[in-house]
Amino acid sequence: MASRQAPLCGLAPHCLWLLGVILLMDVSARPANHSSARERAGNKEEPEILPPDHLNGVKLEMDGHLNKDFHQEVFLGKDMDGFEEDAEPRRSRRKLMVIFSKVDVNTDRRISAKEMQRWIMEKTAEHFQEAIAESKVHFHAVDPDGDGRVSWDEYKVKFLVSKGHNEQEVVEKIRNGEELKVDEETQEVLENLKDRWYQADNPPSDLLLTEDEFLSFLHPEHSRGMLKFMVKEIVRDLDQDGDKQLSLPEFISLPVGTVENQQGQDIDDSWVRDRKKEFEELIDANHDGIVTMAELEDYMDPMNEYNALNEAKQMIAIADENQNHHLEPEEVLKYSEFFTGSKLMDYARNVHEEF
């Protein structure tokens, strides 16, 4: 399994989402993941020991939730600055119009599906390169002897230390083959991580990961083999009848829990609506009502140019008010929240000032 490198919302709704998630929390629940890219980006002080749940530019989270920030990630790339809630509106509008000009390759003041597709692939490549750079840092953090290979035991020590265990005690127990006393949840996580470690370990398997293999471990979207493994994990979690494929009812099944108020009900309604649309319009390629592992893998693959074109068409359709199958400056500004996460007002009056 070779490592692949790419060549290539408003504050109030966010608070309601967060409140809804808290209300729906349950030990066995699968609540919608509404964490924003800005929140995730703000917590990078410590080396990433666990493979991240969120992968930039990938449609599903590792746990099977829809990536709510996907469209912003493939429109803005890694450059999210300038669209924060407290950003100066005029500056944000100007920056958005600069992006518009870059997407509009033929300078006809309209963005076509082909232009948006090219842009999506370019921004996805940026996320890939960012992941590669971060993985290098994380690899060196878990490679204490600097030999260019990380053993499972070295990684396990770092992981358990991050969970509050004493490093010397853990090292001694592993060296002596003694049993490590960990809680049930931590043991389950370790077993899942070891399965993923095996998958990332190119034959012949020795439980030693090189820097490229470690990248596949943290970022399965960089490896065809690991992408398949991630798809299998998602299907396993959602597949209720054990047929190793997903029906629409399985894909849109609601989180376990009792809806206590209207806000919670709105979360449920949004969960079903978003997942139903994604299932029917993008994942189920042959529209037979069943999603196979192959279909899900194609959908998840950020390198899939056909999917990028479909995404481009969908993104244009969201804001295409005059139905000409293109995006114009006024439309992008009006629907800025979809593209950037920030709602920029006075779009009609300001478009000529900024563009």
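Just a few scattered comments:
- Space enclosed by the convex hull of the alpha-carbon atoms of the stretch 154-241, per residue, Å³: 130 Å³
- Note on the stretch 47-172: Cα convex hull, mean projected area over all directions, 11.2 nm².
- Once you reduce the stretch 99-129 and the stretch 58-96 to the center of their Cα atoms, the two points are 15 Å from each other.
- Couplings 3J(HN,Hα) for the stretch 271-276, derived from phi with the Karplus relation 6.51 cos²θ - 1.76 cosθ + 1.60 (θ = phi - 60°), are 4, 5, 4, 5, 6, 5 Hz, where x marks Gly and Pro.
- Cα-Cα over 19 Å, subset of K59/K276; K156/K181; K78/K334; K163/K228; K114/K276: K78/K334; K163/K228; K114/K276
- Burial ordering of V74, V231, V103, fewest other beta-carbon atoms within 10 Å first: V103, V231, V74
Bear in mind these aren't lab numbers, they're just calculated from the coordinates by the rules spelled out. Note that the structure is a prediction, hence the values are computed from the model and not measured. Here the Cβ is made from the backbone with ideal geometry for all residues, glycine too, and neighbour counts use every protein chain on show.
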